[in-house]
Amino acid sequence: MSNFNESLTGEKLSLEQRLTRLEDIEAIKQLKYQYAGYCDNQYNPDGIASLFTDDGHWIVTGVGGEATGHEEMKKHFTALAKDIVWALHYVLAPEIDVASDGNSATGKFYLLCLCSIIRENDRSQKDAVILTGNYVDQFVKINGKWYFKELSGVIHQASQWTEGWVRQQWLG
């Protein structure tokens, strides 16, 4: 939303409504950053799952996977931590639109991630990898707290640090 003084329908918002909107946007940013922090903590499966609704959906294409619900997410991230042994997620340029009812929102973010990934063909070796991508996420507010309804990411490249994305767009 480009104008914090108006709702999506163009009606003027009160100071209290504008403050609530800004607080919601900040809470959603913090939720996304908390997600990145859990990913950077060995893909903490309990922590990540706690950020989603019970039927929440996590999907990342390119490099990633898909999981729905807390138990599937915990299983997925436990397995992921065995292959990605270190990661540092930079989540950038948040663009968040809160619905006029204040109970749902959409967020767009860029991702830059540095990580160490175990080699598939030789598990005694690992590669320094750089990933880039985008997220378009759906959020819901339940009892005053924001959660992911869906986290949807697209990874554009996953390259060995020494090769870069020009010579090697995808690990292989």
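The values are calculated or read from the model by the stated rules, or taken from the named source; none is laboratory data. Keep in mind that what you see is a predicted model, and the values were worked out from it rather than measured. Note that each Cβ is placed from the backbone with ideal geometry, even for glycine, and that neighbours are counted across all protein chains shown. All accessible areas refer to the heavy atoms of the entire protein, side chains included, with ligands and DNA or RNA removed. Shrake-Rupley method; radii C 1.70, N 1.55, O 1.52, S 1.80 Å.
Quick one: angle between helix 15-39 and the longest Cα principal axis of the chain, in degrees between 0 and 90, rounded to 10, please. Between helix and principal axis, roughly 10 degrees. Cross-link pairs exceeding 27 Å in C-alpha to C-alpha distance, out of 74/126; 126/149; 29/74; 75/149, comprise 126/149. Computed from Cα positions, the angle between helix 69-83 and the longest principal axis of the chain comes to roughly 40 degrees. Dipole size of the stretch 1-116 about its Cα centre, with +1 on Lys/Arg Cβ and -1 on Asp/Glu Cβ: approximately 340 debye, rounded to the nearest 20. The residues of the stretch 105-155 present an accessible area of 50 Å² per residue when probed at 1.4 Å with all protein chains retained. Extending 7 Å from Cα along the Cβ direction at residue 78 and again at residue 118 yields two label points whose distance is 1.5 nm. Helical runs (DSSP H, four residues minimum) scored at -39500 (n - 2.57) apiece and divided by the length of the chain put the mean residue ellipticity at 222 nm at -9000 deg cm²/dmol.
Judged by the gyration tensor of its Cα atoms, with axes a ≥ b ≥ c, the stretch 33-113 is oblate; a/c meets the 1.5 cut and b/c is at least as large as a/b. Computed packing ranks the peptides 128-138, 88-98 as 128-138, 88-98, most packed first, by mean other Cβ atoms within 10 Å.
Taking the centroid of alpha carbons for each part, the stretch 151-172 and the stretch 39-91 are 19 Å apart.
Working ranking of peptides 113-123, 147-157 by packing, defined as the average number of other Cβ atoms within 10 Å per residue, highest first, is 147-157, 113-123. For the listed peptides 11-23, 71-83, a ranking on the average number of other beta carbons within 10 Å per residue, highest first, reads 71-83, 11-23. The length gained by stretching the chain between residue 17 and residue 130 to full extension, at 0.36 nm per residue less their Cα-Cα distance, is 36.6 nm. Length gained on full extension, residue 92 to residue 154: 20.9 nm, using 0.36 nm per residue less the C-alpha separation.
In the chain, Cα pairs under 8 Å separated by at least six residues give a relative contact order of 20 percent.
Residues whose amide H lies under 5 Å from that of residue 86, counting only those 5 or more places away or on a different chain, are 116; hydrogens are built 1.01 Å from N in the peptide plane.
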